[in-house]
Amino acid sequence: NSREGYKAGALSYGLHKTGAEYVAIFDADFFPDSDFLKQPLPYLLQDNIGMVQTRWGHANRNYSLLTRLQAIFLDAHFNIEHLARNRTGRFFNFYGTAGIWRRKAIEDAGGWQHDTLTEDLDLSYRAQLAGWKFIYLPHVVSMAELPVEMNAYKNQQHRWAKGSVQTAIKLSRKILNSDFPGYVKLEGIIHLSNNLAYLLMIIPAALLIPMLNYQISLNWDWLVGVYFITFIASTLSVIIYYAVSIRDMQGTIWPEAVYLGPLMALGIALSLNNGRAAIEALTGLKSEFKRTPKYQIVGHRGNWKSKLYRSKSQYQHLIELLTALYFVYGSFYYLSNGF
């Protein structure tokens, strides 16, 4: 009857309404197969297993360019990052939905807490610090709806980015003081704080044109090679990462390889949105849990524009537009001058 604690508050309230030993959690837009429980539950019969996570499927993958790009993002996350962390004994997290928890693991970790926007990530690390093990089942897939509207997607990414940095601030000391091996602790800190990288994209990017002007005035020739090598190395790493995931999912990188360019563009374009989230977390600015609208869009069909609940537009898009114009100007300026 209230939004106190947002999603974490609702999960905590629900847990007090049942004495069940195991708890399956799904967001409203997920529709698992009827035999879902039969697949993860046997793994939870092992005494030290606290949670089993399954993979997300995408019911509206081909609805629009935005949903196609999100699907590629998430497939790589689940098929490479998630799998590698779990199989190599690193910290691994429940992803908020499509998983089953052992009640005792939740209670041992201190229960659902709402001092971060990513209650799932927070609880996952606390449970593993308390000694519980997790299992990831990539072959068990639950279909779900991807956000179809840009403001909804940006709000979701902002929440995830801010929540992860909040969790890093909350738990980094406990991770460093734990008995886990050094390489596990290091990867855990990197995992929780990785959204700080968006700040490293925003700040140098804003200074790029004056920096280039200064460098050109000194000795441009040798810098061309440095920039070229840096560009190729950083771009190839991203392309290979997503190409491997696409091949794993589809059996071939074609025809989805054509989306690698727009995919990188969307990732870079989120830097302002997610960088703002990181700053808010670092400065302790509190914000509400903005839920992602669910429109019941499956496949190519469905309309969201007439729906009552929509994400509110913000003035941030005006700053993003100005930033885009800034780079367009810079590109034409340097090309026209032969650089």
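The values are calculated or read from the model by the stated rules, or taken from the named source; none is laboratory data. Model, not experiment: these values are computed from the prediction. A quick note on method: Cβ atoms are made from the backbone with ideal geometry, for glycine too, and the neighbour counts reach across all protein chains shown. Just the protein is used for accessible areas: all its heavy atoms, side chains included, with ligands, DNA and RNA removed. Shrake-Rupley method; radii C 1.70, N 1.55, O 1.52, S 1.80 Å.
Among the residues making up segment 227-265, those that are of a type in the set (Gly, Ala, Ser) and open to solvent by 50 Å² or more (accessible area, probe 1.4 Å) are Ala233, Ser234, Ser237, Gly251, Ala265. Candidates in segment 284-325 are the residues that are open to solvent by 70 Å² or more (accessible area, probe 1.4 Å) and of a type in the set (Phe, Trp, Tyr); of these, the one that is farthest from Leu146 (Cα to Cα) is Tyr315. The residue pairs whose first member lies in segment 208-226 and is under 13 Å from Phe339 (Cβ atoms) and open to solvent by less than 70 Å² (accessible area, probe 1.4 Å), whose second member is among the aliphatic types (A, V, I, L, M) and modelled with pLDDT of 80 or more, and whose beta carbons are closer than 6 Å, counting only pairs six or more residues apart or on different chains, are Gln215/Leu223. Do the conditions hold for Leu121, that is, is it among the aliphatic types (A, V, I, L, M), in a loop (DSSP other than H, G, I, E, B), over 17 Å from Leu270 (Cα atoms) and touching a residue at least 40 places away in the same chain (Cβ under 8 Å)? For Leu121, the condition - among the aliphatic types (A, V, I, L, M), in a loop (DSSP other than H, G, I, E, B), over 17 Å from Leu270 (Cα atoms) and touching a residue at least 40 places away in the same chain (Cβ under 8 Å) - is not met. Considering only residues in segment 52-68 that are open to solvent by less than 10 Å² (accessible area, probe 1.4 Å) and out of contact with any Lys or Arg (no Cβ under 7 Å at 6 or more places or on another chain), the one that is farthest from Lys7 (Cα to Cα) turns out to be Asn60.
For (1) aliphatic (A, V, I, L, M); (2) in contact (Cβ under 8 Å) with a residue 24 or more places away in the chain, each residue gets a yes or a no:
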site	(1), (2)
Gly275	no, yes
Ala281	yes, yes
Glu288	no, yes
Lys294	no, yes
His300	no, yes
Ser306	no, no
Gln316	no, yes
Glu320	no, yes
